[in-house]
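Okay, so here's the structure we're looking at.
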Amino acid sequence: MISITLKDGSVKEFNAGVRPLDVAISISEGFARNCVAAEINGKLAGLTDVISNDSELNLLKFDDEGGAEVYRHTASHIMANAIKRLYKGVKLAIGPAIESGFYYDFDIENTFSEADFVKIEAEMNKIIKEDNEIVRFALPRDEAIALMKELNEPYKIELIEELPEGEEISFYKQGDFTDLCAGPHLPSTGRIKSFKLMQVAGAYWRGSEKNKMLQRIYGTAFDNKKELKKHINALEEAKKRDHNKLGRELELFTTVDSIGQGLPLLMPKGAKVIQILQRFVEDEEEKRGYLLTKTPFLAKSDLYKISGHWDHYKDGMFILGDEEAGEEVLALRPMTCPFQFMIYKAGLKSYRDLPIRYNETSPLFRNESSGEMHGLIRIRQFTLSEGHIICTPEQLEEEFKAAVDLVNYCMNALGISDDVSYRFSKWDPDNTEKYIDNPEAWEISQSYMKKILDDIGIDYEEAEDEAAFYGPKLDIQIKNVFGKEDTLITLQIDFALPERFDMIYVDRDGEKKHPFVIHRSSIGCYERTLAILIEKYAGGFPVWLAPVQVRVLSIASVHEDYAYEVKKELESKGIRVEVDVRNEKLGYKIREARNERIPYILVVGDKEIEDRTVAVRSRKDGDTGAILLGDFVAMVKKEDDERVIW
């Protein structure tokens, strides 16, 4: 007999070899029907896995952490099973569960389209009705490779060959389908209640464009049709807000194949929003004691060899010149820190000179793989609100807190402070190739950061192996409308590069010492921030950020002069305004302005001219009636100055 300790602390006795499913049934048949997976001693497991020793058991439903993962992973296998039945010669790559669903990558001569989904879904439903038992088994390496050769699965063979010697190689079989997989899975295919295939996309094998392009089919699955429908409706709403679609419709940005992927063109309206943001950030940084720099867009490889980027980041850089051919080798900068460090080194510094805060609006260049790029979120040329604070150890805590305060100020102004989460990104001491090998310095800098974050009271999660190669980070994370998380803003403590660059200051004891450096951004990458704002506000920016704040519409040609008079008055107060005096119906002009998400529409006709008023239609409040021109100007000016968020 063995003891099973359940989540509520109760203990039950069972014969060794009991399955989590048996334990669930012992509680109640209804409860067991709702269970999809388990945790055995904290490790995710299937309901049919065997428990041989005293253990802690947590039985998981779909809504429990890990439950949806197992459920959707099984759905991915059912999809792969269906496609293997329908399309001869298809080869399988990988098929994991993801946050909101699952996908599987296929190597196949046919080109999938969403029109194929009806046929694939029908076959999946057939497999679900078959209710095939899902059975796990393991094989030695030679037998595992032989099985995959027999099934003509070269991608699986590659994965097996990369597994460490002695690693257990497990498979899952359901009816006529067998797949290499670590699991776990549902007990049978019939456990899937509702699913839907969502889209097809290209995906390079192993995420490298050096490898073959595969076809990836995305899907999702839920344990009831109501939740599936709710999810699909949410996705439809997300598509309406998708910056990649909406940003083009509103003429904020565009892309051109002949220019290249990841190289967006900011159109006048998008460029205006970026300009507003940039002026806001640079003015605020100047108030807080930052010194503006302007540095080159490229440098010799020598600079990046000093910083360590050549060793740790070379694959992500655009490199010009061939060293082997005796040419001078240059690289476009992926970050500005080495340049600002050289500015610091231009003269000897005393402790009295510190802290020094440098800021720069930095165009940067990173060689992102084509599979990673998306709209304005991840691109090859972007603009960063970059800064570096050089300070003494005694100043580090105060300066880091001040940098966080600046970030919070900017996020509050944009209305996104409630949309973010915080990640304390730490090094992995076993990953010696990725990080500078100085365990003592890592421990000191990470303890500094942890103390600061705890003092501030930030609610953060810790993440191993997410640090910069030279120090720990506070990453401020945000999700796009589809739920994918990206880093919006980052702040880093750097113990390594000051030594590499021999940055020194003379301390009060007369000794030369290396300072600390805080790498920080105040608003992140401007293009990514623009994408987030497009999605948050569905293109309807707050007044202070709107590229056009007011549009004046004339009812007839006789009202044109007054329309331009109104425009002149608004412009004199710095308000961004357009005039529409086209010979079109007023309703048409109003609808067009609404579709462009303009905050205020002013209509002028005979009565407005006579009374020196404007008829106001607000994006927020609708038709609010006539108001004196001077009062309207003052109202919009106040909203603009105070950065009011609608």
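Tabulated data for the structure shown
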{"read-out": "Stretch gain in nm, segment S417-E610, where the contour uses 0.36 nm per residue and the Cα spacing is subtracted", "value": "64.9 nm"}
{"read-out": "Other-chain or far-sequence residues with amide H under 5 Å of A37's (modelled H)", "value": "L60"}
{"read-out": "Likely footprinting exposure, E368, E323, fewest C-beta neighbours within 10 Å first", "value": "E323, E368"}
{"read-out": "Förster radius 51 Å - calculated FRET efficiency between E327 and S618 (Cβ-Cβ, nearest 0.05)", "value": "0.25"}
{"read-out": "Difference of contour (0.36 nm per residue) and Cα-Cα distance, N110 to N224", "value": "37.8 nm"}
{"read-out": "Within the stretch 228-269: backbone nitrogen closer than 20 Å to the L320 label point (7 Å, Cα to C-beta)", "value": "259-264"}
{"read-out": "Rg to Rh, two decimals, where the chain supplies the alpha carbon set and Rh follows Kirkwood", "value": "1.03"}
{"read-out": "Debye, to nearest 20: dipole size of the chain, +1 on Lys, Arg Cβ, -1 on Asp, Glu Cβ", "value": "2140"}
{"read-out": "Pairwise FRET efficiency - E443 versus E485, Cβ, R0 = 22 Å, nearest 0.05", "value": "0.20"}
{"read-out": "Quotient of C-alpha Rg and 2.2 N^0.38 Å, computed over the stretch 349-460", "value": "1.29"}
{"read-out": "Shape parameters for the stretch 184-239, alpha-carbon atoms, Rg then Dmax in Å", "value": "15.0, 42"}
{"read-out": "Ellipticity estimate at 222 nm from DSSP helix runs (n ≥ 4, -39,500 (n - 2.57)) divided over the chain, nearest 500", "value": "-10500 deg cm²/dmol"}
{"read-out": "Distance cut-off 19 Å, percentage of C-alpha pairs in the stretch 550-642 lying past it", "value": "32"}
{"read-out": "Amide hydrogen neighbours beyond the local backbone of V329, cut-off 5 Å, H modeled", "value": "S301"}
{"read-out": "Among the listed pairs K272/K314; K88/K149; K61/K226; K196/K484; K349/K426; K91/K229, those beyond 25 Å (Cα-Cα)", "value": "K272/K314; K349/K426; K91/K229"}
{"read-out": "Alpha carbon centroid spacing (whole Å) that separates the stretch 369-420 from the stretch 496-529", "value": "16"}
{"read-out": "DSSP-defined antiparallel bridges as percent of all bridges, the stretch 2-61, nearest 5", "value": "80"}
{"read-out": "Three principal axis lengths of the stretch 2-61 [C-alpha, angstrom, descending]", "value": "25, 21, 20"}
{"read-out": "Rg to Rh quotient for the stretch 67-233, alpha carbon positions, Kirkwood Rh", "value": "0.95"}
{"read-out": "Degrees between helix 586-595 axis and first principal axis of the chain (Cα, 0 to 90, nearest 10)", "value": "50"}
{"read-out": "The stretch 232-319: C-alpha gyration tensor shape, a/c 1.5 cut-off, then a/b vs b/c", "value": "oblate"}
{"read-out": "For the stretch 400-412, 3J(HN,Hα) per residue [Karplus equation, 6.51 cos²θ - 1.76 cosθ + 1.60, θ = phi - 60°, Hz, x = Gly/Pro]", "value": "5, 4, 5, 5, 5, 4, 4, 4, 4, 4, 5, 5, 5"}
{"read-out": "3J(HN,Hα) from dihedral phi, the stretch 535-552, Karplus parametrisation 6.51/-1.76/1.60, rounded to Hz, x for glycine, proline", "value": "6, 4, 9, 6, x, x, 5, x, 3, 5, 9, 5, x, 10, 8, 9, 10, 9"}
{"read-out": "Cα centroid separation, the stretch 545-585 to the stretch 176-225 (Å)", "value": "53"}
{"read-out": "Chain lengthening between I98 and E56 when straightened (0.36 nm per residue, less Cα-Cα)", "value": "12.5 nm"}
{"read-out": "Residues T383, T189, sorted so that the one with the fewest Cβ neighbours within 10 Å comes first", "value": "T383, T189"}
{"read-out": "Residue order, fewest to most surrounding Cβ atoms within 10 angstrom, among S554, S572, S421", "value": "S572, S421, S554"}
{"read-out": "In degrees, nearest ten, helix 117-130 long axis to first principal axis of the chain (Cα)", "value": "30"}
{"read-out": "Angstrom value of the Kirkwood radius, inverse mean 1/r, which spans all Cα pairs in the stretch 265-536", "value": "19.4"}
{"read-out": "Using θ = phi - 60° and Karplus 6.51 cos²θ - 1.76 cosθ + 1.60, couplings along the stretch 184-191 (whole Hz; Gly, Pro as x)", "value": "x, 9, 5, x, 7, 5, x, 6"}
{"read-out": "Assigned charges on the beta-carbon of Lys, Arg, Asp, Glu; the stretch 67-233 dipole about Cα centre (debye)", "value": "820"}
{"read-out": "Relative contact order for the chain, counting Cα pairs under 8 Å that sit 6 or more residues apart, in percent", "value": "9"}
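All of the numbers you see were taken from the coordinates with simple rules; none came from a lab. Remember, predicted model here, so these are calculated numbers, not experimental data. For neighbour counting, all protein chains shown are included, and Cβ atoms are generated from backbone atoms with ideal geometry for every residue, glycine included.
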